[in-house]
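The values are calculated or read from the model by the stated rules, or taken from the named source; none is laboratory data. Computed from a prediction, not measured in an experiment: that's the story for all the values here. Cβ placement follows ideal geometry from the backbone for every residue including glycine, while neighbour counts extend to all protein chains displayed.
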Amino acid sequence: MITQKIDSCSPFPHDFPYQEIYAERIPLLHIFRSAVADLYSNRGGKNYLSVSLRNFASLLLSSPNYFAVECGVYMGHSLIACAQIAKMYGLPIHFYGLDTFTGLPELSEIDKLYASQNVLKKSDLLFADTSINQVKNRVKEQKLSKYITLIPGLFRDTLNQLPDHKYFFVNIDCDLYEPHLECLEFFYPRIERGGIIFFDDYHSVEFTMARKAIDEFMEGRPEQLFHLRFGKEGTNHTKAFIVKY
C-alpha cells in the first residue's frame, strides 16, 4: 500500500460517494499506483511500501519518460484518471490510448461462441456512444494533452504505430478474443521487469472470451494472475492482473 491517498484531488469526474460505474475503476487506480511505485523500487530506491509517490517523483524526473498504455479507451475516464495521478505528482509518464473510438469491431466466430446473448444482440451498438473528438476534448479540459496520445483504429493496425519502448503498465480493456491476444503478444515482451498488465474483463460474464484469450496466452508462462474485487460480488466486480517477471 502506498502511504499517500487519493482524496482531495479525485481523478474521477464526480463527487463522493462513488457510484458503482466509477467504483469499478478503483482496482485499476490502485494497481496503477503500485506499478508506478515499482518503477522506483526496481531502480534502487527504498522499499516502496513506506515511500509516498511525491517522495520519489524527483528521482523519476531525472530519468527518461516512462510509458503506459490503455487498450480500449471508450470515453477516456480511466485513462484520464491515471494521467491525473501522473500530473498530480509531477511524474514523467506518457500514456497512449488505443481504441476504434467508434465501438466494438465485428465479432469473430470465437467471440460469438462465448459472448452473452446481450452482447450478441447489441454488438454493433456497444461502446459506440463515443468518438475520438469527445475523448480529446475531455483530455484537453483536464489539461492532460502533454500526457496522453490517442491512436484510433483496430489494434492490428495501431499497435505497430507505438514507439519502440519498454512499458511499465498496460491496461487491456478490449472485451473480445482476438484483440486480447493481439495486445498480449505485442506487450508481453515489452513490459518492464516488475511491470503490470491489468485485465478489466477477465471475470466478465458478458465477454467470457476475454478469459479464454488470457488463459490461452498465459498457459506455460511463469506469471500468475492476481485478482482484486471491489464491493460485493457482482457482474464484473473482480479485476485481474499480472506482474511481469
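If only one of Glu141, Glu219 is without any contact (Cβ under 8 Å) to a residue 12 or more places away in the chain and closer than 16 Å to Ser78 by Cα, which one is it? Going through Glu141, Glu219 in turn, the sole match is Glu141. Looking only at residues that are within 16 Å of Tyr66 (Cα to Cα) and in a loop (DSSP other than H, G, I, E, B) in the range 146-161, which one is farthest from the chain's Cα centre (by Cα)? Checked the range 146-161; the qualifying residue farthest from the chain's Cα centre (by Cα) is Lys146.
Of Asp164, Asp175, all but one fail to be closer than 25 Å to Ala83 by Cβ, modelled with pLDDT under 95 and either out of contact with any Lys or Arg (no Cβ under 6 Å at 6 or more places or on another chain) or assigned to a strand (DSSP E or B) (or both); the exception is Asp164.
Scanning the range 148-172 for residues that are under 19 Å from Ile93 (Cβ atoms) and surrounded by 23 or more Cβ atoms within 10 Å (Cβ to Cβ) gives Ile148, Phe168, Phe169, Val170, Asn171, Ile172. Among the residues making up the range 109-141, those that are among the charged types (D, E, K, R), within 22 Å of Ala213 (Cα to Cα) and in contact with a helix residue (DSSP H, G or I) (Cβ under 7 Å, 6 or more places away or on another chain) are Asp111, Lys112. The C-beta contact set for the range 91-114 (first residue closer than 16 Å to Leu125 by Cα, second residue aromatic (Phe, Trp, Tyr) and surrounded by fewer than 23 Cβ atoms within 10 Å (Cβ to Cβ), distance under 6 angstrom, 6+ apart or interchain) comprises Gly103/Phe127; Leu104/Phe127.
Listed here are the residues, each with its yes/no results for (1) touching a strand residue (DSSP E or B) at 6+ places or on another chain (Cβ under 7 Å); (2) closer than 22 Å to Tyr177 by Cα; (3) acidic (Asp, Glu); (4) in a loop (DSSP other than H, G, I, E, B).
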{"residue": "Leu107", "(1), (2), (3), (4)": "yes, yes, no, yes"}
{"residue": "Leu113", "(1), (2), (3), (4)": "no, yes, no, no"}
{"residue": "Asn118", "(1), (2), (3), (4)": "no, yes, no, no"}
{"residue": "Phe127", "(1), (2), (3), (4)": "no, yes, no, yes"}
{"residue": "Lys136", "(1), (2), (3), (4)": "yes, no, no, no"}
{"residue": "Lys140", "(1), (2), (3), (4)": "no, no, no, no"}
{"residue": "Lys143", "(1), (2), (3), (4)": "no, no, no, yes"}
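The set of residues from the range 151-176 being without any contact (Cβ under 8 Å) to a residue 40 or more places away in the chain and of a type in the set (Phe, Trp, Tyr) is empty.
Taking the residues in the range 74-105 that are aliphatic (A, V, I, L, M), over 17 Å from Tyr177 (Cα atoms) and touching a strand residue (DSSP E or B) at 6+ places or on another chain (Cβ under 8 Å) as candidates, determine which candidate is surrounded by the fewest Cβ atoms within 10 Å (Cβ to Cβ). Even if it seems obvious, please write down each step before you answer.
Within the range 74-105, the first condition is being aliphatic (A, V, I, L, M), and the residues that meet it are 75, 79-81, 83, 85-86, 88, 91, 93, 98, 104.
Restricting the remaining residues to those that are over 17 Å from Tyr177 (Cα atoms) gives 75, 79-81, 83, 85-86, 88, 91, 93.
Now restrict to residues that are touching a strand residue (DSSP E or B) at 6+ places or on another chain (Cβ under 8 Å): 79-80, 83, 86, 91, 93.
Working: Leu79: 30, Ile80: 25, Ala83: 27, Ala86: 23, Leu91: 20, Ile93: 23.
The qualifying residue surrounded by the fewest Cβ atoms within 10 Å (Cβ to Cβ) is Leu91.
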